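Here, each number is a calculation from the coordinates, and none is a lab measurement. Because the structure is a prediction, the values reported are computed rather than measured. So basically every Cβ, Gly included, is an ideal-geometry build from the backbone, and we count neighbours across all protein chains shown.
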Amino acid sequence: MRLRKIIIWLLSGSRGGPTRLKILRALKEKPMNPNQLAKTLNLNYKTVLHHLSVLERHGLVVRLGSGYGAPYFLSDTLERNWEVVNSLV
């Protein structure tokens with residue numbers, strides 16, 4: 001229940017929700033690093049970093065490694081609850 005509320009707030013209840021939704025959808029297709037996401041989604045690199053930070057802080061994405069090119073993945077928790085994301089669309 002708490003996770004559902006977090007997902008709903010982050011994706012539809014806040015100003016950056018549409019951008020975060022785009023990022024999550026892209027990561028659902030395949031893991032990417034921030035630079036790849038920025039190019040794929042035609043977004044500013046720093047914007048992508050900000051949203052990834054928010055998503056990571058709330059446990060929706062995880063980063064593999066710590067270097068510049070470290071890819072991000074959907075968290076196992078979000079994968080198991082993907083239907084909540086789909087319900088927002």
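General observations
- Computed [θ] at 222 nm, helices only, for the chain once each DSSP H run of length n ≥ 4 contributes -39500 (n - 2.57): -18500 deg cm²/dmol
- Per-residue 3J(HN,Hα) values for segment 60-67, derived from phi via the Karplus relation 6.51 cos²θ - 1.76 cosθ + 1.60 with θ = phi - 60°, read 8, 10, 10, 10, 9, x, 10, x Hz in sequence order (x marks Gly and Pro).
- For Tyr72, Tyr45, the sequence from fewest to most other C-beta atoms within 10 Å is Tyr45, Tyr72.
- Degrees, to the nearest 10: 2-12 long Cα axis against longest axis of the chain: 60 degrees
- Simple label model, 7 Å out from Cα along Cβ direction - Ala70 to Asn35, nm: 1.6 nm
- Reachable lysines from Lys46, criterion Cα separation under 25 angstrom, eight or more residues apart if same chain: Lys22, Lys28, Lys30
- The order of Leu52, Leu3, going from fewest to most other C-beta atoms within 10 Å of their C-beta, is Leu3, Leu52.
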